[in-house]
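A.B. asks: Here's a structure for you.
The values are calculated or read from the model by the stated rules, or taken from the named source; none is laboratory data. The structure presented is a predicted model; accordingly, all values stated were derived computationally and were not measured. Cβ sites come from the backbone with ideal geometry, for glycine too, and all protein chains shown count toward neighbours.
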Amino acid sequence: MWQSIPELGTGLLLASLVGAGYAFALAAISAARPHLLGAARRATYGTVALVGTAVIVLAYAFVSHDFRLSYVTRYSDRSMSFGYLMSSLWGGQDGSLLWWMFLLAIYSGACIYWLRGRYLALQPYVIATLLSVIVFFGLITLFAADPFTTILTGAPVDGRGLNPLLQNIYMIIHPPALYLGFVGCTIPFSFAIAALITGRLGNEWIVAVRKWMLFAWLFLSLGNALGMIWAYVELGWGGYWGWDPVENAAFLPWLTATAYVHSTMIQERRRMFKLWNVVLISLTFLLTIFGTFLTRSGVIASVHAFAKSDLGTYFLYYLGLLIAVTVGLIIWRFPKLRSDDHIETTSSREAAFVLNNWALVGAAVFVAVATTFPIISEAILKETVTVGPEFYNRWMTPVGLTIFALMGLGPLLGWRKTSARAFRRGFVFPISVAVVVAILHAILGARFNMPAIVLREPDPGGDVVVGGFLAVGAALRYLGSIVPIITSTLAAFNITVVVQEFWRGAAARRARTHENPAVALARCVAKSRRRYGGYIVHFGIAMMFIGFLGQAWGVSGQASLVPGQSYQLQGYTLRYERFRAEADASKEMQFADFSVTDQDGRLRGVVSPAKFIYRSHREQPTSEVAVLNSVRDDLYVVLGNFTGPTGRAAIQVHINPLVSWIWFGVLVLILGAGVALWPASTGKPVGVMRYLKLATSLVAAVGFSLLLASLSGRILPNATAPASPSTTSPPAGMDVHAP
């Protein structure tokens, strides 16, 4: 049997498709004949087993170097380690679609096991919706992107190897984490469709999807963060987010999912926003399919996307079908989607959440339009017009600051309305702290190379992109100049709000129970995990905003040095000590060692940027980034051209302030989401949610350890980044983190 892996794999894909179709039919029929529901559940479990076996077979093909398979040949070679062989499963288009189908099958099986005797009226439609999505991916995998296709001319002795840009520790965990977020959005969407079909549009389905949506949101957040780290240590341009179309495709569903996580609380408390919540859930899932279309169709150029293929057509038609069905169901059930209550005053938590939702969805609309603008301009203007990072940064700045301000405002407002006394009691301390921080930043910021105002020079190109509205462009440029003081003020406000909420909760409990402060705080959090987990998430996001602020003060430079020479940049002195060459089974390595001292002459460490030449990709030499991390800033060094006889090395040096705050903020965000997800102690078994909890804890632990190791410089260097713009793009067919 193992001598026929191609036939076995394709057979398993066919059996999976048949099983999914059979389970779908049983689930649909069980709505009228409930006795068939058990058969539909068992058929789904069988489908999960078949898809899982297909993934195991493909994994075995990689570790056994079965180069009869075209996919294995294109994405692996004999020198690769086990970890990278496993990551090759999702390193290309065919395998990533099978991986998506596998995760969706696992989610479906877990959801159906969790349901059992719950939500019996919704179950048939939930199962049918989940299986319909599996059927679509099964059709795509079997007929358009079969990873078990063989090479007709005979198996080569060795494979072509995985793209060097993908041979990085973060590429082992980043795509699975992001896929877990993307695929996880299918569960809430299935419940929304079931609620629309049955007309059960109260709080029942909202409560059912609460933790499933939060679970997906956590992995969307973690996946995006790991992608940022990968870009930072791998691509060598000195940043972590470049508004690339694939980055945007992963960011869009995060925005709408974040909006839903907030608005669902309004429906639970006030039975409002039924229509809005259905729209947000549906839009989040549709954006996962839309993002997949963007990255797999090749209609938009990206350094991350797959090669142009016909797969985009399949996803486009499927997206159209999903939109038609969803909109049709919403129109049909529109009378039942009306709110049972209304917002009474603007000084209420509901009003703040609505504004927050508008800002988040507005940001999603802006990013979606800007990302697809090349397609729009081609259709309307008959020419391709693209927008760059400066355009995104300029226009997203006011939106981001608005969201940041509303994030701190919401917890201070009461439900329905906020009395004048409660308003004063909640706002006085956070506003006072924010004002003090603003004054200190204005006075002392420049002394620490972090001025409160950073003047922006006019950007003629940017003003043209704005569309001729030079006054608007000038206003946005002015806003960009004062972003440092605004962001630091809002960060102080948000952090103080979180601290105040924890203090008030613990103080109220102490007044009742007379417990010591630590016990009171712990039990307060344990009793309201969702609420305080959200506050911890807010704290983490505030830390991330502080990290984002560091871009305003970054500096960069470049030099060409021979051993013994030095280069100075903003208090750092890099002395070129020596050149050395090494080699291992897969690549040749050339290192340039630099000792780093600060302005007081103290040794800060040694950085060793390098050039890697992989034997499987000699035509694609890459440069390894060296980063010296600190809480204040990162010293980021990239090795460019290298002259062998003299040892002369061209380097690019970036000083990136506060970047570590982003990664620490991500850790706090993971912690907060974990607290919100942690099941309450009821003394009863929690079934599949216990396993979801354990999975969340495991991934969080992995994320914690990797992020902390990265911050402390313990991860062994294997990051490759292009030495010049000519090597920034992966070869056709290679993907980095496309959904």
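A.B. asks: If I ask for residues that are charged (D, E, K, R) and either assigned to a helix (DSSP H, G or I) or within 29 Å of the chain's Cα centre (by Cα) (or both), which ones from region 63-105 would you list?
C.D. replies: Hits for region 63-105 are Arg74, Asp94.
A.B. asks: Right, next: If only one of Gly674, Gly640 is under 27 Å from the mean Cα position of the chain (by Cα) and surrounded by fewer than 23 Cβ atoms within 10 Å (Cβ to Cβ), which one is it?
C.D. replies: After applying the criteria, what remains is Gly674.
A.B. asks: Is it fair to say Val497 is in contact (Cβ under 8 Å) with a residue 24 or more places away in the chain and touching a Gly at 6+ places or on another chain (Cβ under 8 Å)?
C.D. replies: yes
A.B. asks: Okay, next question. Restricting to region 415-424, give me the number of residues that are surrounded by 13 or more Cβ atoms within 10 Å (Cβ to Cβ) and of a type in the set (Lys, Arg).
C.D. replies: Qualifying residue count, region 415-424: 2.
A.B. asks: With the condition kept exactly as written, say whether any residue in region 506-523 is modelled with pLDDT of 90 or more and acidic (Asp, Glu).
C.D. replies: No, region 506-523 contains no residue that is modelled with pLDDT of 90 or more and acidic (Asp, Glu).
A.B. asks: Related question: Under 7 Å between Cβ atoms, which residue pairs at least 6 apart in sequence (or on different chains) link something in region 611-635 that is outside any strand (DSSP E or B) with a partner that is at pLDDT below 80 and surrounded by fewer than 18 Cβ atoms within 10 Å (Cβ to Cβ)?
C.D. replies: The qualifying pairs are Asn629/Gly713.
A.B. asks: Checking Glu577 against (1) in the same structural domain as Ile651 (by TED's automatic domain parsing); (2) surrounded by fewer than 18 Cβ atoms within 10 Å (Cβ to Cβ); (3) part of a helix (DSSP H, G or I): exactly one of these is not met. Which one?
C.D. replies: The number of the failed condition is (3).
A.B. asks: Which numbered condition in (1) more than 24 Å from Trp100 (Cβ to Cβ); (2) in contact (Cβ under 8 Å) with a residue 12 or more places away in the chain is the only one that Ala54 fails?
C.D. replies: (1)
A.B. asks: Looking only at region 643-664, which residues are surrounded by fewer than 23 Cβ atoms within 10 Å (Cβ to Cβ) and more than 18 Å from Gln551 (Cβ to Cβ)?
C.D. replies: Once the filter is applied, which keeps residues that are surrounded by fewer than 23 Cβ atoms within 10 Å (Cβ to Cβ) and more than 18 Å from Gln551 (Cβ to Cβ), region 643-664 yields Thr643, Gly644, Pro645, Thr646, Gly647, Arg648, Ala650.
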